[in-house]
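Where a number appears in this text, it was derived from the coordinates with a stated rule and is not lab data. Everything numeric in this text was worked out from a predicted model, so none of it was measured. Methodologically, a virtual Cβ is constructed for each residue, glycine included, from the backbone with ideal geometry; neighbour enumeration extends over all protein chains shown.
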Amino acid sequence: MANLDSGGVMKKLALVTGASSGIGESFTRLLAAAGFDLVLVARDEVRLNERAAGLKEKFGANSIVIVTDLATESGCTKVEEFIAKNDVEVLINNAGFGINKAFTISDLAKEEEVLKVLVRTPMRLMHVALPKMKERNSGVIINVSSVASFIAGGAYSASKSYLTVLSESLHTELSATNIKVSVLCPGFTRTEFHQRGRMKMAGLPEFMWLNSDVLVAKAWKDALAGKAVSVPGWQYKVLVGVISLVPRSMVRRLGMNLRVKQR
């Protein structure tokens, strides 16, 4: 864990998991530009330190780097302990990954890792952060879910459904406070997510791709406006609308059709 620069004065803290690339990295730049200091959480120490240096140079934001694997018990605990000891004003639960094999032939250990990163970790980090936010009566939590949470597309979809529903529940529970809880449900976004999961994406039409900076700006605006769910992109708003209207049997078929074929 790296400390703030010598002599650095702390501003309000924003903690971002999965901060080294993609949507998480976009959030770090948006929050730094908004005047926050950052807590950057991911496994890649080299990239995190590069991100920290870039945020300092461009925005004057100080960063704390926490190198950890959120699929492990010790990794999750490491971040929990930081939150318990510090006033984190903004929590972005973004870390995640997917696997490209059907559940019946996938590796059980990998399925458990998906569950730990996508479900256990954000739940536990929120459970530590929210009491402190309630004491201050301020804070913002954005959970990065997916439009996959509205369909039936394997364990990834099921994990994201948990995150979406819990976020909506907390949004209602905290509606009388100044704490904002929102869930971001993007569709296909140009990040490293699909490459890491060895997913074939060449056949996806260009108009279905989203830009991470654009969707992150929309998510932040929606969260501050008190919206429970943020679905960026007209194409995915249409998709979610259709899903809400058609019979669930069709949604199940859609979920399987949208699953990326295994290599």
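A few remarks follow.
- Cα-based reach from K227 at 17 Å (exclusive), listing aspartates and glutamates while leaving out same-chain residues under 8 positions away: E168, E173
- Cβ crowding within 10 Å ranks E50, E168 as E50, E168, fewest other Cβ atoms first.
- Peptide packing for 148-161, 71-84 was compared via the average number of neighbouring C-beta atoms within 10 Å per residue; ordered from the highest value, the list is 148-161, 71-84.
- If R0 is 41 Å, the Cβ-Cβ spacing of V238 and T177 corresponds to a FRET efficiency of close to 0.80.
- Residue exposure sequence - K180, K221, K132 - by fewest surrounding Cβ within 10 Å: K221, K132, K180
- Reachable aspartates and glutamates from K116, criterion Cα separation under 13 angstrom, eight or more residues apart if same chain: D69, E73
- Computed over neighbours whose Cβ is under 13 Å from that of G54, the net charge equals +2, Lys and Arg +1, Asp and Glu -1.
- Cross-link pairs exceeding 29 Å between alpha carbons, from the set K78/K180; K160/K218; K110/K134: K110/K134.
- Taking I179, I23 and counting other C-beta atoms within 10 Å, the order from fewest to most: I179, I23
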